[in-house]
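Report on the following structure.
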Amino acid sequence: FYHQEFPIIDYEPIKENKNRITSFVHLLPKSEVFKTYKEMLPEYDFKAYGASTPNNWLSKLTNIYKEMQDSTFGWNIKPHGDGFGHIWHYWFMLGRPIITNFNDYRDKLGGILFKHKETGIDLVQASMEENVKLIKELNNVEMINNMCLNSRKAFEDNVNFDNEFVEIKKFLNRL
(Lines give C-alpha, C1' and ligand atoms only; values in the text may rest on other atoms or scores of the structure.)
Protein backbone atom coordinates (compact mmCIF):
# COMPACT_ATOMS: atom_id res chain seq x y z
CA PHE A 1 0.00 0.00 0.00
CA TYR A 2 1.22 3.47 -0.83
CA HIS A 3 0.24 7.03 0.11
CA GLN A 4 1.47 9.61 -2.35
CA GLU A 5 4.24 11.41 -0.48
CA PHE A 6 4.40 15.06 0.42
CA PRO A 7 6.74 17.03 2.69
CA ILE A 8 6.05 16.52 6.39
CA ILE A 9 6.81 19.31 8.80
CA ASP A 10 6.86 19.40 12.59
CA TYR A 11 3.64 19.85 14.50
CA GLU A 12 3.07 23.31 15.95
CA PRO A 13 0.24 23.88 18.41
CA ILE A 14 -1.98 26.90 18.08
CA LYS A 15 -0.39 29.56 20.25
CA GLU A 16 -3.45 31.74 20.31
CA ASN A 17 -6.88 31.18 18.89
CA LYS A 18 -6.79 33.03 15.60
CA ASN A 19 -10.45 32.26 14.93
CA ARG A 20 -9.90 31.28 11.33
CA ILE A 21 -11.70 28.65 9.28
CA THR A 22 -10.00 27.97 5.95
CA SER A 23 -10.82 25.94 2.85
CA PHE A 24 -8.39 24.83 0.16
CA VAL A 25 -10.86 22.97 -2.06
CA HIS A 26 -11.08 24.25 -5.63
CA LEU A 27 -14.44 25.76 -6.63
CA LEU A 28 -15.58 25.74 -2.98
CA PRO A 29 -18.18 22.97 -3.25
CA LYS A 30 -21.39 23.63 -1.32
CA SER A 31 -20.41 27.30 -1.17
CA GLU A 32 -23.85 28.18 0.20
CA VAL A 33 -23.08 26.08 3.32
CA PHE A 34 -19.73 27.85 3.70
CA LYS A 35 -21.43 31.26 3.38
CA THR A 36 -24.16 30.38 5.87
CA TYR A 37 -21.64 29.25 8.50
CA LYS A 38 -19.62 32.39 7.81
CA GLU A 39 -22.70 34.49 8.58
CA MET A 40 -23.52 32.47 11.71
CA LEU A 41 -19.95 32.65 13.06
CA PRO A 42 -18.93 36.31 12.69
CA GLU A 43 -16.20 35.83 15.30
CA TYR A 44 -14.35 33.67 12.76
CA ASP A 45 -12.44 34.84 9.71
CA PHE A 46 -13.46 32.52 6.84
CA LYS A 47 -11.06 32.10 3.94
CA ALA A 48 -11.33 29.95 0.82
CA TYR A 49 -8.33 29.32 -1.43
CA GLY A 50 -8.26 27.51 -4.75
CA ALA A 51 -9.50 27.95 -8.29
CA SER A 52 -12.64 30.12 -8.44
CA THR A 53 -12.73 30.82 -4.70
CA PRO A 54 -13.04 34.14 -2.85
CA ASN A 55 -9.34 34.28 -1.88
CA ASN A 56 -7.99 32.79 -5.13
CA TRP A 57 -5.10 30.38 -4.74
CA LEU A 58 -1.72 30.14 -3.03
CA SER A 59 1.21 29.22 -5.23
CA LYS A 60 3.64 27.39 -2.95
CA LEU A 61 3.19 24.46 -0.61
CA THR A 62 5.02 26.39 2.11
CA ASN A 63 2.39 29.14 1.81
CA ILE A 64 -0.42 26.59 2.02
CA TYR A 65 1.12 24.99 5.12
CA LYS A 66 1.58 28.40 6.77
CA GLU A 67 -2.03 29.39 6.11
CA MET A 68 -3.20 26.04 7.46
CA GLN A 69 -1.11 26.44 10.61
CA ASP A 70 -2.63 29.89 11.09
CA SER A 71 -6.12 28.37 10.96
CA THR A 72 -8.20 27.07 13.82
CA PHE A 73 -10.15 24.67 11.61
CA GLY A 74 -9.85 23.40 8.08
CA TRP A 75 -13.04 23.45 6.03
CA ASN A 76 -13.02 20.39 3.78
CA ILE A 77 -16.22 19.63 1.94
CA LYS A 78 -15.52 17.77 -1.30
CA PRO A 79 -18.33 15.63 -2.68
CA HIS A 80 -17.32 13.09 -5.31
CA GLY A 81 -13.63 13.31 -4.44
CA ASP A 82 -11.29 10.36 -4.79
CA GLY A 83 -10.97 9.97 -1.05
CA PHE A 84 -7.20 10.45 -0.75
CA GLY A 85 -7.17 14.19 -0.58
CA HIS A 86 -3.81 15.92 -0.34
CA ILE A 87 -5.45 18.84 1.41
CA TRP A 88 -7.33 16.46 3.71
CA HIS A 89 -4.03 14.76 4.63
CA TYR A 90 -2.20 18.09 5.01
CA TRP A 91 -4.72 19.21 7.65
CA PHE A 92 -4.10 16.06 9.68
CA MET A 93 -0.33 16.16 9.18
CA LEU A 94 -0.27 19.75 10.45
CA GLY A 95 -2.56 18.84 13.31
CA ARG A 96 -5.57 20.97 12.50
CA PRO A 97 -9.10 19.64 12.96
CA ILE A 98 -11.45 19.83 10.04
CA ILE A 99 -15.05 20.76 9.52
CA THR A 100 -16.48 18.43 6.91
CA ASN A 101 -19.31 16.39 5.55
CA PHE A 102 -17.73 13.07 6.49
CA ASN A 103 -19.85 11.22 3.93
CA ASP A 104 -17.41 12.65 1.35
CA TYR A 105 -14.61 10.52 2.89
CA ARG A 106 -16.41 7.63 4.59
CA ASP A 107 -14.97 4.28 3.44
CA LYS A 108 -12.27 6.06 1.44
CA LEU A 109 -8.55 6.30 2.11
CA GLY A 110 -8.67 9.55 4.09
CA GLY A 111 -11.64 8.45 6.17
CA ILE A 112 -9.53 6.53 8.67
CA LEU A 113 -8.10 9.83 9.96
CA PHE A 114 -11.42 11.38 10.96
CA LYS A 115 -13.34 10.98 14.23
CA HIS A 116 -16.24 13.31 14.96
CA LYS A 117 -15.48 15.66 17.88
CA GLU A 118 -11.93 14.25 18.17
CA THR A 119 -10.21 15.26 14.93
CA GLY A 120 -12.95 17.44 13.53
CA ILE A 121 -16.64 18.15 13.17
CA ASP A 122 -18.94 16.20 10.88
CA LEU A 123 -21.63 18.65 9.83
CA VAL A 124 -24.15 15.89 9.14
CA GLN A 125 -24.07 14.70 12.76
CA ALA A 126 -26.15 17.61 14.03
CA SER A 127 -28.18 20.60 12.93
CA MET A 128 -26.50 23.77 11.72
CA GLU A 129 -27.41 25.53 14.97
CA GLU A 130 -25.90 22.70 17.05
CA ASN A 131 -22.75 22.73 14.92
CA VAL A 132 -22.38 26.49 15.36
CA LYS A 133 -22.77 26.04 19.12
CA LEU A 134 -20.08 23.32 19.11
CA ILE A 135 -17.66 25.45 17.09
CA LYS A 136 -18.19 28.32 19.54
CA GLU A 137 -17.65 25.97 22.53
CA LEU A 138 -14.32 24.88 21.04
CA ASN A 139 -13.21 28.49 20.80
CA ASN A 140 -10.42 28.28 23.35
CA VAL A 141 -6.78 27.35 22.89
CA GLU A 142 -6.75 24.37 25.27
CA MET A 143 -9.77 22.65 23.74
CA ILE A 144 -8.73 23.27 20.16
CA ASN A 145 -5.14 22.14 20.80
CA ASN A 146 -6.52 18.85 22.13
CA MET A 147 -8.25 18.34 18.78
CA CYS A 148 -5.06 19.44 17.02
CA LEU A 149 -3.02 16.79 18.84
CA ASN A 150 -5.65 14.16 18.04
CA SER A 151 -5.48 15.14 14.37
CA ARG A 152 -1.68 14.88 14.21
CA LYS A 153 -1.75 11.57 16.08
CA ALA A 154 -4.30 10.16 13.63
CA PHE A 155 -1.92 11.07 10.81
CA GLU A 156 1.14 9.61 12.53
CA ASP A 157 -0.72 6.41 13.41
CA ASN A 158 -1.88 5.84 9.84
CA VAL A 159 0.63 7.38 7.44
CA ASN A 160 4.31 6.47 7.39
CA PHE A 161 6.06 7.09 4.09
CA ASP A 162 9.30 5.40 5.23
CA ASN A 163 7.56 2.14 6.18
CA GLU A 164 5.55 2.20 2.97
CA PHE A 165 8.80 2.60 1.00
CA VAL A 166 10.28 -0.50 2.67
CA GLU A 167 7.16 -2.55 1.95
CA ILE A 168 7.00 -1.41 -1.68
CA LYS A 169 10.67 -2.21 -2.12
CA LYS A 170 10.06 -5.75 -0.78
CA PHE A 171 7.14 -6.13 -3.18
CA LEU A 172 9.17 -4.95 -6.18
CA ASN A 173 12.06 -7.26 -5.27
CA ARG A 174 9.66 -10.23 -5.39
CA LEU A 175 8.53 -9.47 -8.96
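Being within 23 Å of F161 (Cβ to Cβ) and surrounded by 15 or more Cβ atoms within 10 Å (Cβ to Cβ) is the filter here, so list the residues in the stretch 9-28 that pass it.
Within the stretch 9-28, Y11, F24 meet the criteria.
Please enumerate the residues belonging to the stretch 86-99 that are open to solvent by less than 10 Å² (accessible area, probe 1.4 Å) and touching a Phe, Trp or Tyr at 6+ places or on another chain (Cβ under 8 Å). Spell out the reasoning first.
So in the stretch 86-99, the residues open to solvent by less than 10 Å² (accessible area, probe 1.4 Å) come out as 88-89, 91-99.
Passing the criteria: W88, H89, F92, M93, L94, G95, R96, P97, I98, I99.
Would you pick out the residues in the stretch 127-175 that are open to solvent by 90 Å² or more (accessible area, probe 1.4 Å) and among the aromatic types (F, W, Y)?
Matches in the stretch 127-175: F165, F171.
Limited to the stretch 45-82, what total is found for residues that are without any contact (Cβ under 8 Å) to a residue 40 or more places away in the chain and either among the aliphatic types (A, V, I, L, M) or part of a loop (DSSP other than H, G, I, E, B) (or both)?
Pass one, the stretch 45-82, residues without any contact (Cβ under 8 Å) to a residue 40 or more places away in the chain: 45-60, 62-63, 66, 80-82.
Adding the requirement that they be either among the aliphatic types (A, V, I, L, M) or part of a loop (DSSP other than H, G, I, E, B) (or both) leaves 48-60, 80-82.
Residues meeting the conditions: 16.
Confirm whether P42 is surrounded by fewer than 15 Cβ atoms within 10 Å (Cβ to Cβ), modelled with pLDDT under 95 and out of contact with any strand residue (DSSP E or B) (no Cβ under 8 Å at 6 or more places or on another chain). Steps first, please.
Values: surrounded by fewer than 15 Cβ atoms within 10 Å (Cβ to Cβ): yes; modelled with pLDDT under 95: no; out of contact with any strand residue (DSSP E or B) (no Cβ under 8 Å at 6 or more places or on another chain): yes.
No: the conditions fail for P42.
Quick one: in the stretch 100-126, which of the residues that are modelled with pLDDT of 95 or more and small (G, A, S) is least open to solvent (accessible area, probe 1.4 Å)?
G120
The values are calculated or read from the model by the stated rules, or taken from the named source; none is laboratory data. Values in this document were obtained by computation on a predicted structure and should not be read as measured data. Every residue, glycine among them, receives a Cβ derived from its backbone with ideal geometry; neighbour counts consider all protein chains shown. Surface accessibility is based on the protein's heavy atoms, side chains included, excluding ligands, DNA and RNA. Shrake-Rupley method; radii C 1.70, N 1.55, O 1.52, S 1.80 Å.
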